[in-house]
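Undergrad: This is the structure, below, for whatever I ask next.
Derivation of every value follows stated rules applied to the coordinates shown; laboratory data play no part. Predicted, not measured: the structure shown is a model, and the values here were computed from it. Backbone-built Cβ (ideal geometry, glycine too); neighbour counts: all protein chains shown.
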Amino acid sequence: MTLCFNDTIIMTQRVKEQAGAESVCSFLFISERQVSVLLNDKERSFATEYIINKGNSYKAALAAGYSKYTAKVAYQWLEEPKPNSTEKRNLPFKPELKKYIEEQVAKIESEKVADAKEVMEYLTSVLRGESQSEIVVVEGIGDGCSEARRMTKAPDEKERLKAAGELAKILGISKEKIDVTANQVILVDSVPDDW
């Protein structure tokens, strides 16, 4: 059996109620899109608030509608229990909730941060004069008064040269220092006297 890259294995254990009480493992294969289906509305709300509150599980739980008691121990949903720990847990570890939060944070970060291709495309558009920027122009309207208005303009020569330099650095076709080597000329005092 092969798994896709984005597939997650969620393993649940059921204990047979019959004599011997042997444990049976059942595997459930869930795609990345289906993880949010496993969460109820309150848990999704907690995840959203957790991200907004920058990892503060107490504030997130209160904002999601949980009681103060639950909010105090809500961090336990996201922490795996330590092996062989005798520490008492009030709430169970919820791996699907933790995974959902990690996916949402990764999605936000990937949308916020420009990748190398996006940077190169932007610099190329500036270099070619295809991009537009907004500037404020102050114009005199008479009687010593002036008025500001916004205008869009294409990049000027200085901005295009700057974009070309930055793009050249990224592509590795520019060197900060150019090595120039030349042959030295040696003068010998052998000029004729009648010259």
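Undergrad: Hey, rough spin-label estimate for E87 and A116, points 7 angstrom out along Cα→Cβ, what's it come to in nanometres?
TA: In this crude spin-label approximation the distance works out to 4.1 nm.
Undergrad: Another question, then. Would you work out the relative contact order for the stretch 51-130, in percent, from Cα pairs under 8 angstrom that are 6 or more residues apart?
TA: Relative contact order for the stretch 51-130 comes out at 20 percent.
Undergrad: What does the extension gain come out to for E102 and L171, with contour length at 0.36 nm per residue minus their alpha carbon separation?
TA: The span from E102 to L171 would gain 21.5 nm if fully extended.
Undergrad: Would you kindly derive the ³J(HN,Hα) couplings of the stretch 99-116 from the backbone phi angles with the Karplus curve 6.51 cos²θ - 1.76 cosθ + 1.60 (θ = phi - 60°), listing them in order in whole Hz, with x for Gly and Pro?
TA: With the stated coefficients, the stretch 99-116 comes to 5, 4, 5, 4, 5, 5, 5, 4, 5, 5, 5, 5, 6, 7, 9, 6, 8, 4 Hz.
Undergrad: Now for a different question. Hey, what do the phi angles of the stretch 59-71 turn into as Karplus ³J(HN,Hα) couplings, whole Hz, using 6.51/-1.76/1.60 and θ = phi - 60°, x for Gly and Pro?
TA: 4, 5, 5, 4, 5, 7, x, 7, 6, 4, 4, 5, 4
Undergrad: Still on this structure, I have one more. I52 to E80: extension gain in nm, 0.36 nm per residue of separation minus the Cα-Cα distance?
TA: Gain on extension, I52 to E80, equals 7.9 nm.
Undergrad: What are the ³J(HN,Hα) values, in whole Hz, obtained from phi via the Karplus relation 6.51 cos²θ - 1.76 cosθ + 1.60 with θ = phi - 60°, for each residue of the stretch 149-156 in sequence order, with x given for Gly and Pro?
TA: 9, 8, 9, 9, 9, 7, x, 7
Undergrad: So how far apart, in nm, are the two label points at S133 and E159 if each is 7 Å from Cα heading toward Cβ?
TA: Modelled inter-label distance: 0.4 nm.
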